[in-house]
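Working notes for the structure below.
The values are calculated or read from the model by the stated rules, or taken from the named source; none is laboratory data. Note that this is a predicted model, so its numbers are computed, not measured. Please note: Cβ atoms are built from the backbone with ideal geometry, for glycine as well, and neighbour counts cover all protein chains shown. Ligands, DNA and RNA are excluded from the accessible area calculation, which covers all protein heavy atoms including side chains. Shrake-Rupley method; radii C 1.70, N 1.55, O 1.52, S 1.80 Å.
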Amino acid sequence: MKTHSAHENAVIQLEQVAKILRNEYADEVQSRFDTAIDKLKTPDRVFEESLTIQMDDGSSREFTAFRSQHDNARGPYKGGIRFHENVSRDEVMALSTWMTWKCAVTGIPYGGGKGGVIVNPRILSAGELQRLSRAYARFLAPYIGPWVDVPAPDVNTNGQIMAWMVDEYEQFQLETNKSQGENPVATFTGKPLELGGSQGREEATGLGGIYVLEKLAEKMKWSDKKKVSIAIQGFGNVGYWFAKHAFDRGYTVVALSDSKGAIYNPEGLDPEKVLATKQKTGTLSGGKAITNEELLALDVTVLVPAALENVITAEIAPKIKAAAIIEMANGPTTPEADALLEKKGIVLIPDVLANAGGVTTSYFEWVQNLHGYYWSHAEVLAKLQPLMDRAFIEIWKVKETSKQSMRMATYMKAVKSVVDLMLLRGRV
Ligand code: GLU
């Protein structure tokens, strides 16, 4: 079977939901609705540049960089920056589209954006990584700002990288008189605490997924948490924090994986211990070594893809035995696999709901930066949980009344909210 690119998948999903949603609009609005859907199939714009970096050995190397600004009807473009070998124009286009839906899901006032550089950052020294991050920020500087486009971390980027980018952006502002007086710190989120970061931001994506898991457990009547077994693919920031909070709340994390391989222990794994040994030895330990594909097919209660897109394909879907899937990665399931999983009765909580905790806490960070007034860890979490819970409950209701999948129900809410703003603004 032909596998589609990530952006083709994003367009297929949009077309599927548009078919259902169209009927909710009065006859005289339907042609404007169609124009809005067409417009949302491609980003507003995609910037591309070749960044030249001086390497430690004196040579120079070029890296291709992108930023896709998908839609800003709901507010400034928002989304992370990814450093990975598989980054492409198509991928950032897809990821920025998903950001538009994600921000609409929890109701935060942003549109969608995403950036990336084609690079394996593990081969760079700290100095090279800093020079690449600064070059990227300089390339983006004319197109971003707190009210225009607000980048953040994504795969293989973190608070340190945001700190370098803030600094470079600030220098660019001084040199060019661009937006003098505009807050450079509010232009990036996911920053270190000392540089205007928010309490709770680092763990927020994983923790947001746990709030979703807890709501799902209520609906599925999983009363004994110990008996809820969880397999997690991916042990980066998102996978780790999801695993840690699941473990702390009494769920049984039986499998974990990283790019090198996976481990399985039916008795349960302690994610903190697994991380400590990974930091020492470079590998995951504490269970039987299995492949990433075996992890996806484990007989568990919940499967959590928390790495990259297109891992649950039409080939893998028939082998999946989990009762539920919580998508913590962006775009891990193809539309073909989606249909197969639905037929099997597997409940799938889509990415734009499950991993919305990260960008929602980015929003809190931005609000704190704009006010210059900072909240405690408890205050941040007390604001995050109700937004995640409310989104879950509303979408579950849509699913029940419309008899659609959770993905469709989520998209119905998200796409409707974006299209309504496009109509209200008179853009279509
Ligand atoms: N990269 C994260 C995501 O995909 C966070 C984006 C942000 O905070 O802007 O949701």
Selection count, region 77-119, where residues are polar (S, T, N, Q) and either open to solvent by less than 10 Å² (accessible area, probe 1.4 Å) or within 8 Å of the ligand (Cβ to nearest atom) (or both): 4
Qualifying residues in region 142-169 (those that are acidic (Asp, Glu) and within 24 Å of residue 72 (Cα to Cα)) - the one least open to solvent (accessible area, probe 1.4 Å): 149
Of all residues in region 140-165 being part of a helix (DSSP H, G or I), over 23 Å from residue 236 (Cα atoms) and among the hydrophobic types (A, V, I, L, M, F, W, C), the one that is farthest from the ligand (Cβ to nearest atom): 141
Scan of region 170-190 for residues that are buried (at least 16 other Cβ atoms within 10 Å of the Cβ) and small (Gly, Ala, Ser), ordered by number: 179, 186, 190
Hits in region 56-76 - residues which are of a type in the set (Asp, Glu) and more than 15 Å from the ligand (Cβ to nearest atom): 56, 57, 62
Test for residue 69: is it within 20 Å of residue 117 (Cα to Cα), surrounded by fewer than 19 Cβ atoms within 10 Å (Cβ to Cβ) and not acidic (Asp, Glu): no
Residues being open to solvent by less than 10 Å² (accessible area, probe 1.4 Å) and part of a strand (DSSP E or B) - total across region 240-275: 7
Filter result (in contact with a Ser or Thr (Cβ under 7 Å, 6 or more places away or on another chain), more than 16 Å from the ligand (Cβ to nearest atom), over 23 Å from residue 94 (Cα atoms) and in a helix (DSSP H, G or I)) within region 318-366: none
Conditions (1) in contact with a strand residue (DSSP E or B) (Cβ under 6 Å, 6 or more places away or on another chain); (2) open to solvent by 30 Å² or more (accessible area, probe 1.4 Å); number of the one not met by residue 237: (1)
In region 366-397, the residues that are aliphatic (A, V, I, L, M) and open to solvent by less than 40 Å² (accessible area, probe 1.4 Å): 367, 380, 381, 384, 387, 388, 391, 395
Candidate set: region 123-134, residues that are away from the ligand (no atom under 16 Å from the Cβ) and in contact (Cβ under 8 Å) with a residue 24 or more places away in the chain; chosen: the one most open to solvent (accessible area, probe 1.4 Å): 131
